Amino acid sequence: MSARPRNRAIATLLAWGASLAIAFPLLWTLLTSFKTELEAVAFPPRFLSFDWTLANYRGALADGEYLHALVNSVIIAGGSSALVLALAIPAAWAMAFAPTRRTRSVLLWMLSTKMLPPVGVFIPIFLFYRDWGLLDSRIGIALLLAAGNLPIAAWMLFSNFREVPGEILEAARMDGASLRQEIVTVLAPLALPGIASTFFLVFTLAWNESFWSLNLATTEAAPLTAFIAAFSSPQGLFWARLSAASILSIAPVLLIGWLCQRQLVRGLTFGAVK
Amino acid sequence: MSGIVLQGVTKRFGDHLATDAIDLVIPDGAFTVFVGPSGCGKTTLLRLIAGLEDIDSGRLLIDGVDMARTSPAARGLAMVFQSYALYPHMTVRANLGFALKLARRPAAEIAERVEGAAAMLNLTPLLDRRPAALSGGQRQRVAIGRALVREPRAFLFDEPLSNLDAELRAQMRFEIRRLQQQLGITAIYVTHDQAEAMTMADQIVVFRDGRIEQTGAPLDIYRNPANRFVAGFIGSPRMNFLTGPIAADYGCATIGVRPEHLLLDPAGAVSATVQTVEHLGSESFIHLRTRSGEPLIARGTHDLDVHPEESVRLRFATGRVHRFDAEGRAVPANNTCLETV
């Protein structure tokens, strides 16, 4: 055996090891969700040789809370991500294709807003939301998450748009395209992988967000993160059912990520492998 | 008045003056070439005419109408970009028809005009391919076709041949010129290659540092350059410049002699040493050095028989010596130069 295949084998082994280590908690949660409560807490734990059951999923879905939270999550994450793209695409267009001397500073300033710990502005935002009647509303949460994710989206799209040759957009302008046509019919198709991965990123961030959701949305607008948090206190001892609820919460995002993974890989590595 | 007229067109980028109060007439139906070294403002001026940059001050008249503030598409000009700038996600057919589609022309008319342009440029078999599946020359033809389909008032070319290899470049040079003559459409063509300017143009405009140095027909500029810069820029190999006692004999700071006007003559007044000889088959170039160390190039016949290190004597062809004053301005033959050295 020469050195090259052996190195390759070692690298493959390491990659698998690392992937398994990272995915282990998730896989364990998945296994636990199919166990009975008794088997879930059994020691030593059983790996695959237990009685597989769907009872936990039935239990988690039983009271309708899950579906309500799922709808809220879809609306909040989808709505905030759509709003983010609607604002970030024109912003990134301006910075990438019509830069000024201050574009760099604007970019850095946008990023700097992400350094602010959310808890630092919690009290004022809570008071505003109370006065404006936005507490426990899906619109309120979606607006807040959109504002929080806008800088990241603008940055990601900016670096993606910069890979699109400006002359192609100028050609479209010469051909008579309006600004909207230029963005929709020329820029968007060329930057589609970047736009898709940006959407997926801000969607996932909004889906997973818990600080604002837990504090500003308690019942009516509560998304899945709030559902899981609420689930864990009264039923914290029911590991199997909690695992089932967790899997149900992350399943939609996993599914979307798996469906568009080709676009994502292209988008996230855009420029590196043009 | 038809054609394109520029009056005092000025453009600044920050502190940099890109074009400085340019006055220029682009005659209707003629092929005008903007030529000059990189950074001289020729591309900026083309982009100002196209509407891709905003004019700071001055007027731009297209067919007699001031269009300095008009949107690019409404000016009725079509541009061919250096990188071709084809839409990579569209087929050749869609690329050619894009402008017509945006203008909401009927589908039948779009198809007819696209196919007409494709036939003219031999693109018909490629209509359903995407740009990635085309060669450089084919992409170039699609870019020209895209301009052609719009039936524009004028074609604007921004160094369109610089990405092609030498053979294809010569062929496309001829094709573009033939097409322009056939259609009789005004064309403005930007290049830094003086050979392209000489071979294609009806009118050459030589730029330097945001200003026009000279405007004229190719042979006029070649024979009567307005100054030392133009004399050195137009013509290949470039004009020989001599200063010192030889120039003083002609009553000037500098004299210029083109390589074809520098003749080997045993009775000549200038003595020089041969450095190398380049034989091109049809002709040859002799690289020489004068006694005072100035480099010279002479054009010779194909059967020239001189060798490196050989000492030769040269003379200037009668009436072919260009004289320049201390500022580099050309001095007419019958004038005397005031600032003699």
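The values are calculated or read from the model by the stated rules, or taken from the named source; none is laboratory data. It should be emphasised that the depicted structure is a prediction, and the values quoted were computed from it without experimental measurement. Heads up, the Cβs are rebuilt from the backbone with ideal geometry, glycines too, and the neighbour counts pull from every protein chain shown.
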Scope region B:54-83; condition under 22 Å from B:Ile144 (Cβ atoms) and in contact (Cβ under 8 Å) with a residue 60 or more places away in the chain; matching residues = B:Ile62, B:Arg75, B:Gly76, B:Leu77, B:Ala78, B:Met79, B:Val80, B:Phe81, B:Gln82, B:Ser83
Pick out the one residue from B:Arg228, B:Arg223 that is closer than 22 Å to B:Gln194 by Cβ, touching a residue at least 40 places away in the same chain (Cβ under 8 Å) and among the charged types (D, E, K, R).
-> B:Arg228
Could you grab the pairs with beta carbons closer than 6 Å, sequence gap of 6+ or different chains, first residue in region B:146-168 and away from chain A (no Cβ under 12 Å), second one of a type in the set (D, E, K, R)?
-> B:Leu161/B:Arg169
Odd one out for B:Val65 among (1) touching a strand residue (DSSP E or B) at 6+ places or on another chain (Cβ under 8 Å); (2) modelled with pLDDT under 95; (3) not basic (Lys, Arg) = (1)
Pair list, Cβ < 9 Å and 6+ apart or interchain, from region A:14-29 residues that are modelled with pLDDT under 95 to residues that are surrounded by 10 or more Cβ atoms within 10 Å (Cβ to Cβ) and not in a helix (DSSP H, G or I) | A:Trp28/A:Pro45
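Do we have any residue at all in region B:132-143 that's outside any helix (DSSP H, G or I) and away from chain A (no Cβ under 14 Å)?
Step one: filter region B:132-143 for residues outside any helix (DSSP H, G or I), giving B:134-135.
Pick out the ones that are also away from chain A (no Cβ under 14 Å) and you get B:134-135.
Within region B:132-143, one or more residues are outside any helix (DSSP H, G or I) and away from chain A (no Cβ under 14 Å).
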Check B:Arg129, B:Arg113 and return the single one that is more than 14 Å from chain A (Cβ to nearest Cβ) and either out of contact with any Leu (no Cβ under 6 Å at 6 or more places or on another chain) or touching a residue at least 60 places away in the same chain (Cβ under 8 Å) (or both).
-> B:Arg129
Within region A:164-193, the count of residues that are within 30 Å of the chain's Cα centre (by Cα), charged (D, E, K, R) and surrounded by 19 or more Cβ atoms within 10 Å (Cβ to Cβ) comes to 1
If we keep only residues of region A:139-163 that are of a type in the set (S, T, N, Q) and either surrounded by 19 or more Cβ atoms within 10 Å (Cβ to Cβ) or at positive phi (or both), then the residue nearest to the other protein chains (Cβ to nearest Cβ) is A:Asn160
Any idea which of A:Ala147, A:Ala88, A:Ala94 is more than 23 Å from the chain's Cα centre (by Cα), of a type in the set (Gly, Ala, Ser), modelled with pLDDT of 90 or more and part of a helix (DSSP H, G or I)?
-> A:Ala94
For region B:62-87 the number of residues that are within 9 Å of another protein chain (Cβ to nearest Cβ), surrounded by fewer than 17 Cβ atoms within 10 Å (Cβ to Cβ) and at positive phi is 0
Answer yes or no: is there a residue in region B:42-55 that is out of contact with any Cys (no Cβ under 6 Å at 6 or more places or on another chain), of a type in the set (Asp, Glu) and either more than 14 Å from chain A (Cβ to nearest Cβ) or surrounded by 21 or more Cβ atoms within 10 Å (Cβ to Cβ) (or both).
-> no
Candidates A:Gly120, A:Gly78 - the one that is surrounded by fewer than 10 Cβ atoms within 10 Å (Cβ to Cβ) and at pLDDT 85 or above | A:Gly120
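In region B:187-202, what residues are surrounded by fewer than 20 Cβ atoms within 10 Å (Cβ to Cβ) and not charged (D, E, K, R)? Explain how you work it out, then say what you get.
Let us first name the residues in region B:187-202 that are surrounded by fewer than 20 Cβ atoms within 10 Å (Cβ to Cβ), namely B:192-193, B:195, B:198-199, B:202.
Passing the criteria: B:His192, B:Ala195, B:Met198, B:Thr199.
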When (1) over 22 Å from B:Thr19 (Cα atoms); (2) surrounded by 18 or more Cβ atoms within 10 Å (Cβ to Cβ) are applied to B:Gly184, the one that fails is (2)
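Go through region A:164-207 and give me each residue that's touching a residue at least 12 places away in the same chain (Cβ under 8 Å) and either outside any helix (DSSP H, G or I) or at the interface with chain B (Cβ under 7 Å from one of its Cβ atoms) (or both).
Of region A:164-207, the ones touching a residue at least 12 places away in the same chain (Cβ under 8 Å) are A:164, A:166, A:168-169, A:172, A:182-183, A:185-188, A:190-207.
Within region A:164-207, A:Val164, A:Ile168, A:Val186, A:Leu190, A:Ala191 qualify.
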